[in-house]
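Read the structure below first, then the notes.
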Amino acid sequence: MAITLTKDHAVGVIGAGTMGTGIAQAASTYGHKVYLYDVSDKARQKSEKGLIKILNRQVEKNRMTQEEVNGIRDRIHYVDSISELANCHLTIEAIIEDLDIKQKTFRDLEKLVSDDAVLTTNTSSLSIASISSALIKPERFLGTHFFNPAPLMPLVEIIPGIPTSYDTVKSTRALIDAWGKTTVLAKDTPGFIVNRVARPFYSEAIRQLEEGVADVATIDWAMKAIGGFKMGPFELMDFIGHDVNYKVTETVFEAFYYDPRFKPSFTQKRLVEAGFLGRKSGRGFYDYREGATNPEPLKDSQLGQKIVNRILVMLFNEASDAVFMNVATVNDIDTAMTKGVNYPKGLLKWADEWGLDAVLDHLEALQDEYGEDRYRPNPLIKRMVRSGSKFYK
Ligand SMILES: NC(=O)c1ccc[n+]([C@@H]2O[C@H](COP(=O)([O-])OP(=O)(O)OC[C@H]3O[C@@H](n4cnc5c(N)ncnc54)[C@H](O)[C@@H]3O)[C@@H](O)[C@H]2O)c1
């Protein structure tokens, strides 16, 4: 029986990188004592410096008082040995994305913590099942997938593995909800919800670029001005980094046994090979170097609408597949995309508004034109059109 987790329980975080630091901040803000462990002295120092900077900015912007910020800082204890996590009742792992290293870390951790401690991973691309097999008591283990930046992004995907107990899920979810996060429940399938459903946002934009439908600036402009998205797909890929974004696409593609729906693109692979990683390297689809000029979009609303519709129907198709395959509920899928990646509207609600018959027509037209399996309409959409039903009553 898993314990009921509360504010009084100490939280362990393993990995003081981008995600670990953000998760530690979120836990401490709620009031937990946090033990933040990293193997690297440099990483711990960088994390602490970054955290102090972020917290000080909160005071400057009058979002928090100095006292609150001091409290958050003081509750986080940077530690250089995993043994310091022995008294933590919840430990969240956010280290390098490597199965062997994650498994070894959990083996070491399990020897130290109490029998009723809950252990979670922030993995984006490994299965919860594969990590859990290293544990003696895998029933107290699950995935808690935060989004970057973790203190700001509300979404956390909760992913039970095959052996995870119901109590562990319930208790962990209730605690993370109490932190002020929005949790959704996802099946242990590749990409969980967001990283699976969002693939066409990138891939169908690149595909249209490759075909010469429009250039990057025009596609980005269309997705923002007409689609209502905060960032265009190319801007977003440049921001995420092509090494990271390409890797996620490749992992999802492999994990789905090479389903053509998830096929990565040569265009993005070439950028990675050339070291054009996006903002962080100064060049990606756009040029970020000082004095560089970038192309202006062609603001043609008819062309823009066509671009947006083609990306949207592919997103609707993917979101429908996640419902069809019971990855998550209709509500959780829509919540995940609005709270995890800031989509302007839930995709399934949006598909309802379009009319599922119109979505199906568009997908069938694409499949007819290209003859590619990538455009095959999801059986659930076909079924719903036949029965005249909608995702929301
Ligand atoms: N960056 C994102 O946007 C994002 C979003 C969601 C999930 N994730 C996942 O979160 C995890 C961490 O990603 P990140 O971007 O924060 O990585 P990162 O590279 O910023 O940080 C990883 C940290 O782990 C430390 N580390 C490596 N091996 C260790 C070990 N054996 N013990 C203790 N510390 C160790 C490293 O020193 C480093 O500081 C990965 O599983 C990643 O897939 C990342």
Criterion violated by THR293 - all others in (1) touching a strand residue (DSSP E or B) at 6+ places or on another chain (Cβ under 9 Å); (2) open to solvent by less than 40 Å² (accessible area, probe 1.4 Å) satisfied: (2)
Which condition number does GLU84 fail, the rest of (1) open to solvent by less than 60 Å² (accessible area, probe 1.4 Å); (2) touching a residue at least 40 places away in the same chain (Cβ under 8 Å) being met? (1)
Looking at region 119-146, which of the residues that are open to solvent by 10 Å² or more (accessible area, probe 1.4 Å), more than 16 Å from the chain's Cα centre (by Cα) and within 14 Å of the ligand (Cβ to nearest atom) is nearest to ALA336 (Cα to Cα)? SER130
Filter region 147-175 for residues that are part of a strand (DSSP E or B) and within 24 Å of GLU254 (Cβ to Cβ); the one that is farthest from the ligand (Cβ to nearest atom) is PRO160
So which pairs qualify, if the first residue must be in region 14-38 and closer than 17 Å to LEU55 by Cβ, the second must be among the acidic types (Asp, Glu) and within 6 Å of the ligand (Cβ to nearest atom), the Cβ gap must be under 6 Å, and the two must be at least 6 apart or on different chains? ALA16/ASP38
Only one of GLN25, GLN66 is buried (at least 16 other Cβ atoms within 10 Å of the Cβ) and not aliphatic (A, V, I, L, M), namely GLN25
Residue satisfying condition, being within 27 Å of the chain's Cα centre (by Cα), open to solvent by 40 Å² or more (accessible area, probe 1.4 Å) and either more than 9 Å from the ligand (Cβ to nearest atom) or of a type in the set (A, V, I, L, M, F, W, C) (or both), within set ILE52, ILE14: ILE52
Read through the list (1) closer than 24 Å to PHE256 by Cβ; (2) within 13 Å of the ligand (Cβ to nearest atom), then give the number of the only condition that ILE101 fails. (1)
Residues that are more than 19 Å from LYS269 (Cβ to Cβ) and not small (Gly, Ala, Ser), drawn from region 186-218: LYS187, ASP188, THR189, PRO190, PHE192, ILE193, VAL194, ARG196, VAL197, VAL213, ASP215, THR218
It is to be established whether one or more residues within region 89-96 are within 16 Å of the ligand (Cβ to nearest atom) and modelled with pLDDT under 95. yes
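Okay, residues lined up against (1) closer than 27 Å to LEU135 by Cα; (2) touching a Ser or Thr at 6+ places or on another chain (Cβ under 8 Å):
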position: VAL34; (1), (2): yes, yes
position: LYS42; (1), (2): no, no
position: ASP80; (1), (2): yes, no
position: LYS111; (1), (2): yes, no
position: SER114; (1), (2): yes, no
Scan region 63-78 and give yes if some residue there is within 16 Å of the ligand (Cβ to nearest atom) and out of contact with any helix residue (DSSP H, G or I) (no Cβ under 7 Å at 6 or more places or on another chain), otherwise no. yes
Does ALA94 satisfy being crowded, with 21+ Cβ neighbours inside 10 Å, touching an Asp or Glu at 6+ places or on another chain (Cβ under 9 Å), of a type in the set (Gly, Ala, Ser) and more than 22 Å from ASP332 (Cβ to Cβ)? no
The correct count of residues that are open to solvent by 20 Å² or more (accessible area, probe 1.4 Å) and either within 17 Å of ILE3 (Cα to Cα) or under 16 Å from the mean Cα position of the chain (by Cα) (or both) in region 148-162 is 7
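The values are calculated or read from the model by the stated rules, or taken from the named source; none is laboratory data. Predicted, not measured: the structure shown is a model, and the values here were computed from it. So basically every Cβ, Gly included, is an ideal-geometry build from the backbone, and we count neighbours across all protein chains shown. In case anyone asks, the SASA skips ligands and DNA or RNA and just uses the protein heavy atoms, side chains included. Shrake-Rupley method; radii C 1.70, N 1.55, O 1.52, S 1.80 Å.
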